[in-house]
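Have a look at the structure below, then the notes.
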Amino acid sequence: MKQWINQANEVIVRCKELARFTEEPGRITRTFLSPPMRGVHKLLEQWFEKAGMVPRVDAAGNLRGFRAGAGPGSRVLYLGSHIDTVLNAGAFDGVLGVVLALALVEDLGGRPLPFSIEVLAFSEEEGVRFGVPFIGSRASVGTLDRELLAREDAQGKTVADAIRDFGLDPGGLPHAILPPRPLAYLEFHIEQGPVLERLGVPLGIVDSIIGQSRRELIFRGQANHAGTTPMEMRRDALAGAAEWVARVEREACATPDLRATVGQFEVRPGASNVVPESVHASLDVRHALDEIRRRSVKSLRSYAEQIVERRGLELVWKQRLDQPATPLDPLLTSALEGAVRRAGLPVHHMVSGAGHDAMILAPHCPSAMLFLRSPGGISHQPDETVLPEDVAAALACGSEFLKEAEALYA
Ligand code: GLV
Ligand code: MN
Ligand code: MN
């Protein structure tokens with residue numbers, strides 16, 4: 001692994017450089033096509049060009065770097081991940097997969113391969129700005145539909161507006177779709193959990209990605225004076241919403257391997273002397289088995305309905321995402337396992353609890369994923385990091401994977 005350590009350190013430096021482009025000084029926040037995304041594109045474009053790739057930004061704001069294969073019509077191997085972030089993020093979720101792919105292309109130098117490579121830096125995966133994730137990868141498989149294009153952010157801008165504001169044309173979206181017969185998609189990503197660290201293993205081969213449901217809720221009651229309104233005469237939206245959140249946690253704890261999270265919770269009008277009128281909340285439910293996830297979402301909705309009924313509140317329940325659990329490609333995954341072995345590293349297979357662009361690509365293109373250990377199991381916050389020796393291990397595997405693909409398609 002020693003021969004990769006310099007490149008690994010460079011990958012980490014580059015992730016940190018890209019983290020400087022943020023909407024919030026002092027924190028890393030970069031949502032779909034927000035102004036700092038331009039800086040990320042510019043820097044990545046320079047690096048892509050230097051590595052011999054032709055960069056372009058497609059109509060969904062995905063930055064792509066193309067390296068032509070030897071021979072006309074050579075099929076394309078896609079390598080990539082996303083370059084948006086959550087609010088107050090770390091520097092590695094998504095970005096690492098793009099920068100690591102770039103390092104692998106750099107390592108090839110001018111050596112021709114029998115297939116083309118395109119590095120995909122997806123514009124959006126986290127779902128922060130529009131409440132719906134995977135905008136970039138959906139565009140790449142042609143499922144960025146009218147309904148999603150018309151979705152509004154908190155400022156009332158639609159996805160299509162955001163595309164136009166960035167200087168792109170939503171009319172060009174058909175050109176964002178990957179051409180037919182893609183060779184494969186390979187994504188490197190931090191694990192974002194504690195499993196690999198606990199096992200003392202640097203890399204994990206992802207067999208499947210668990211399904212997720214997201215919902216937006218409004219509990220609506222009546223604002224009134226906090227001093228004069230007797231307790232039994234209140235329609236307190238927050239008291240109802242809080243009761244429901246406690247039920248969400250109880251349901252998840254009582255269902256093996258279920259994850260349920262209320263990550264957004266906004267109380268209005270939000271004054272200490274006013275009975276809360278409304279609460280806007282989010283729900284995120286995940287399980288490896290789609291049936292259990294669906295059943296849980298149904299019962300969490302029914303709890304919410306019972307609570308609002310008893311308390312004289314109203315409920316708005318909006319569906320935002322139902323993404324089924326996604327198996328990755330067994331053949332490609334076993335090729336990845338071969339690469340891990342040849343790099344002299346231990347093999348560990350696992351399931352991903354986080355969503356990834358590979359979920360969207362997998363039904364359209366053989367897809368595989370390699371996880372890098374997350375120190376402390378920490379992600380989606382500023383302490384998220386990665387070890388240089390693990391990045392070196394991932395680069396060694398990536399290089400072995402490319403050699404195997406070269407032999408296969410020669
Ligand atoms: C993406 O990071 C997710 O929410 O799983
Ligand atoms: Mn993430
Ligand atoms: Mn990610």
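The values are calculated or read from the model by the stated rules, or taken from the named source; none is laboratory data. What you see is a predicted model; the values in this text were computed from it and never measured. In this analysis, Cβ positions are derived from the backbone assuming ideal geometry, glycine residues included, and neighbour counts consider all displayed protein chains. Heads up: the accessible areas ignore ligands, DNA and RNA and are worked out on the full protein's heavy atoms, side chains in. Shrake-Rupley method; radii C 1.70, N 1.55, O 1.52, S 1.80 Å.
Number of residues in the stretch 70-116 that are away from ligand 3 (no atom under 16 Å from the Cβ), outside any strand (DSSP E or B) and open to solvent by less than 10 Å² (accessible area, probe 1.4 Å): the value is 6.
Look at the stretch 206-235: where a residue is over 30 Å from Leu196 (Cα atoms) and free of Cβ contacts under 8 Å to residues at least 60 places away in the same chain and a partner is open to solvent by 60 Å² or more (accessible area, probe 1.4 Å) and assigned to a loop (DSSP other than H, G, I, E, B), sitting 6+ places away or on another chain with Cβ atoms under 7 Å, you get Gln222/Arg235; Gln222/Glu277; Ala223/Pro269; Ala223/Glu277; Ala226/Asn273; Gly227/Asn273.
Checked across the stretch 117-128, the condition of being surrounded by fewer than 21 Cβ atoms within 10 Å (Cβ to Cβ), within 13 Å of ligand 1 (Cβ to nearest atom) and outside any strand (DSSP E or B) holds for at least one residue.
Could you check the stretch 4-21 and list, in sequence order, the residues that are touching a residue at least 40 places away in the same chain (Cβ under 8 Å) and open to solvent by 40 Å² or more (accessible area, probe 1.4 Å)? Scanning the stretch 4-21 gives Ile5, Gln7, Asn9, Glu10, Lys16. Check the stretch 177-185 and report whether any residue there is assigned to a strand (DSSP E or B), open to solvent by less than 20 Å² (accessible area, probe 1.4 Å) and within 16 Å of ligand 3 (Cβ to nearest atom). Checked the stretch 177-185: at least one residue is assigned to a strand (DSSP E or B), open to solvent by less than 20 Å² (accessible area, probe 1.4 Å) and within 16 Å of ligand 3 (Cβ to nearest atom).
Among residues belonging to the stretch 139-164 that are open to solvent by 40 Å² or more (accessible area, probe 1.4 Å) and within 19 Å of Cys365 (Cα to Cα), point out the one that is nearest to ligand 2 (Cβ to nearest atom). By that ranking, first place goes to Thr143. If only residues of the stretch 319-331 that are open to solvent by 20 Å² or more (accessible area, probe 1.4 Å) and under 19 Å from Asp290 (Cα atoms) are counted, the one that is nearest to ligand 2 (Cβ to nearest atom) is Gln323. Selection over the stretch 362-391 of residues that are of a type in the set (D, E, K, R), farther than 30 Å from Leu331 by Cβ and open to solvent by less than 30 Å² (accessible area, probe 1.4 Å) gives a count of 1.
The set of residues in the stretch 26-52 being part of a loop (DSSP other than H, G, I, E, B), open to solvent by 20 Å² or more (accessible area, probe 1.4 Å) and under 18 Å from Phe92 (Cα atoms) consists of Gly26, Arg27, Ile28.
If I filter the stretch 328-335 for residues that are within 15 Å of ligand 1 (Cβ to nearest atom) and touching a residue at least 60 places away in the same chain (Cβ under 8 Å), do I get at least one hit? No, the stretch 328-335 contains no residue that is within 15 Å of ligand 1 (Cβ to nearest atom) and touching a residue at least 60 places away in the same chain (Cβ under 8 Å).
Do you know which residues across the stretch 332-361 are away from ligand 2 (no atom under 16 Å from the Cβ), of a type in the set (A, V, I, L, M, F, W, C), surrounded by fewer than 23 Cβ atoms within 10 Å (Cβ to Cβ) and not in a strand (DSSP E or B)? Correct list: Leu332, Ala335, Ala343, Leu345, Val347.
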